[in-house]
1. Only one of (1) out of contact with any Leu (no Cβ under 9 Å at 6 or more places or on another chain); (2) part of a strand (DSSP E or B); (3) aromatic (F, W, Y) fails for Y31. Which number is that?
2. Exactly one condition in (1) more than 12 Å from the ligand (Cβ to nearest atom); (2) hydrophobic (A, V, I, L, M, F, W, C); (3) touching a residue at least 60 places away in the same chain (Cβ under 8 Å); (4) part of a helix (DSSP H, G or I) is not met by A117; state its number.
3. Looking only at segment 165-209, which residues are farther than 19 Å from S152 by Cβ, loosely packed, with under 14 Cβ neighbours inside 10 Å and within 15 Å of the ligand (Cβ to nearest atom)?
4. Hey, can you tell me all the residues within segment 146-158 that are over 15 Å from the mean Cα position of the chain (by Cα) and either modelled with pLDDT under 95 or surrounded by fewer than 21 Cβ atoms within 10 Å (Cβ to Cβ) (or both)?
5. Right, S53: in contact (Cβ under 8 Å) with a residue 60 or more places away in the chain, within 16 Å of the ligand (Cβ to nearest atom) and either of a type in the set (S, T, N, Q) or part of a loop (DSSP other than H, G, I, E, B) (or both) or not?
6. Can you say whether T220 is surrounded by 14 or more Cβ atoms within 10 Å (Cβ to Cβ) and over 25 Å from V102 (Cα atoms), as far as the supplied structure shows?
7. Among the residues of segment 27-50, which ones are within 14 Å of the ligand (Cβ to nearest atom) and under 30 Å from H221 (Cβ atoms)?
8. Given (1) crowded, with 17+ Cβ neighbours inside 10 Å; (2) within 14 Å of the ligand (Cβ to nearest atom), identify the lone condition not met by A65.
Amino acid sequence: QGPHCIAIDGPAGSGKSTVGERLAQLWGYLYVDTGAMYRAVAWLALHEDIDISDGRALGELAQRANVKISKPEIADGRQYTVTVHGRDITWEIRSPAVTQAVSPVSSHPEVRSLLIAQQRKMAEQGSVVMVGRDIGAVVLPDAEMKIYLTASLEERARRRHAELLERLGEHNPALPTLEAVIKDIQRRDDIDRDNMLMAKDAIVVETDHRSISQVVEVITHLVENRR
Ligand code: C5P
């Protein structure tokens, strides 16, 4: 593990990726969004027509998948660029089809053990801010600081809908209704529950009534007070 290692976990829409990226930038740490890794495997499974209930096939797929997450060279609002076998799938992994498939794909131990090993390797490269569902409890149990971000289902859905509106535009037929987003997040919360582990020593930060900058400030204080 690198000198500094901050784990941020939380459900979909809790703000963990936006907050995690800001903190990593502020401190000059590597930012690792583990959700993107699970999404890339789900994308590949759909692309190669692999049964998403077949854990062994998915494990093999994850093993031979050449997924790369790198610093973005395109300024279109992306936090990073995701490529698989050289193809840019940064936005495709955000599609409704992938979002639908990702939780069942990530529920297989064969997939998890492989990605967890890769995530640990990344944390050995230097200081990191790593975001996900099980980072503090499973991936990096020795993390210097473990944060668990929460928000109500309605607030999380509202944020995700606002993001989609911003990216897709109001008149885009691909823009889901707020109700559809609520249903989707609820469905993912249900499937993800088993892998949604809160470390015993995690600090819960409630984000319903806090802006991104306020959450960043709260976490910065927590980290500074600990050092
Ligand atoms: O964070 P994001 O919504 O992109 O994550 C997509 C999905 O990947 C989650 O719903 C969950 O099923 C899975 N995931 C996981 N463990 C992680 C990160 C993500 O199981 N550490």
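1. Against the list (1) out of contact with any Leu (no Cβ under 9 Å at 6 or more places or on another chain); (2) part of a strand (DSSP E or B); (3) aromatic (F, W, Y), Y31 comes up short only on (1).
2. (3)
3. D194
4. Once the filter is applied, which keeps residues that are over 15 Å from the mean Cα position of the chain (by Cα) and either modelled with pLDDT under 95 or surrounded by fewer than 21 Cβ atoms within 10 Å (Cβ to Cβ) (or both), segment 146-158 yields S152, L153, E154, E155, R158.
5. Values: in contact (Cβ under 8 Å) with a residue 60 or more places away in the chain: no; within 16 Å of the ligand (Cβ to nearest atom): yes; either of a type in the set (S, T, N, Q) or part of a loop (DSSP other than H, G, I, E, B) (or both): yes.
Answer is no for this residue.
6. Values: surrounded by 14 or more Cβ atoms within 10 Å (Cβ to Cβ): yes; over 25 Å from V102 (Cα atoms): yes.
In short, yes.
7. Of everything in segment 27-50, those that are within 14 Å of the ligand (Cβ to nearest atom) and under 30 Å from H221 (Cβ atoms) turn out to be Y31, V32, D33, T34, G35, A36, M37.
8. Of (1) crowded, with 17+ Cβ neighbours inside 10 Å; (2) within 14 Å of the ligand (Cβ to nearest atom), only one is false for A65: (2).
The values are calculated or read from the model by the stated rules, or taken from the named source; none is laboratory data. Keep in mind that what you see is a predicted model, and the values were worked out from it rather than measured. Neighbour counts run over all protein chains shown; Cβ positions are idealised from the backbone, glycine included.
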